[in-house]
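Quick notes on the structure that follows.
The values are calculated or read from the model by the stated rules, or taken from the named source; none is laboratory data. Only a predicted model underlies this, so the values are computations on that prediction, with no experimental measurement involved. Don't worry about glycine lacking a Cβ; one is built from the backbone with ideal geometry, like all the others, and counts go over all protein chains shown. For the accessible areas, the whole protein counts, side chains as well, though only heavy atoms, and no ligand, DNA or RNA atoms are used. Shrake-Rupley method; radii C 1.70, N 1.55, O 1.52, S 1.80 Å.
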Amino acid sequence: MTISVDKLSDPAVRAFVRAVNKGDRAAFRDALAPGATMSDDGSERDLDEWTDREIFTSRGRMDVESQSDSGLALVARYSNDTWGEMRTAWRFTVEDGKVERFETGQA
């Protein structure tokens, strides 16, 4: 069972997931704070390169299974055209209503 994007607790995380699932680059950038950073499986990544490759050009999608820590931690089935589907964990740092950092990796 998945959680509807509209039911995600944190508004910034909700905007992030909605933008990913719609493939909306402008909305995605709007969900991020200036200078936002990220890591994948514990390795720092260039946010623009990673999101272009893993989300936008490969049609990434997050189907959220659970949320915790007031909506700042998610477990989701993530899928894209490159890797197929995998169970992933996402951790967000939010400041002033924008995602400052996200960390993702296999759950």
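Provide the net charge surrounding Thr93, with neighbours chosen by a C-beta distance below 12 Å and charges set as Lys +1, Arg +1, Asp -1, Glu -1.
Computed value for this residue: -3.
Over what distance in Å are the Cα centres of the range 1-35 and the range 69-107 separated?
Result: 10 Å between the Cα centres.
Taking R0 as 22 Å, what's the FRET efficiency between Asp81 and Arg25 from their Cβ-Cβ distance, rounded to 0.05?
Result of the calculation: an efficiency of 0.85.
Hey, can you find the accessible area per residue of the chain for me, probe 1.4 Å, expressed in square angstrom?
55 Å²
Mind checking the range 46-107 for trypsin sites (Lys or Arg not before Pro) that DSSP puts in a loop (not H, G, I, E or B) and that have at most 16 other Cβ atoms within 10 Å?
Passing both the DSSP loop test and the Cβ count: Arg59.
Rounded to the nearest 5, what is the percent of antiparallel bridges among the DSSP beta bridges in the chain?
DSSP beta bridges in the chain are roughly 85 percent antiparallel.
Could you pull out the chymotrypsin sites (Phe, Trp or Tyr not before Pro) across the range 35-107 that fall in loop regions by DSSP (anything but H, G, I, E, B) with no more than 13 other Cβ atoms inside 10 Å?
Counting only loop positions with at most 13 other Cβ atoms within 10 Å, the chymotrypsin sites (Phe, Trp or Tyr not before Pro) in the range 35-107 are Trp83.
Once fully extended, how much extra length lies between Asp41 and Arg59, figured as 0.36 nm per residue of separation less the alpha-carbon to alpha-carbon distance?
Details: separation 18, 0.36 × 18 = 6.48 nm, distance 1.99 nm.
Length difference between fully extended and current span is 4.5 nm.
What is the extension gain from Met1 to Gln106, computed as 0.36 nm multiplied by their sequence separation minus the C-alpha to C-alpha distance, in nm to one decimal?
Extra length available between Met1 and Gln106 comes to 35.9 nm.
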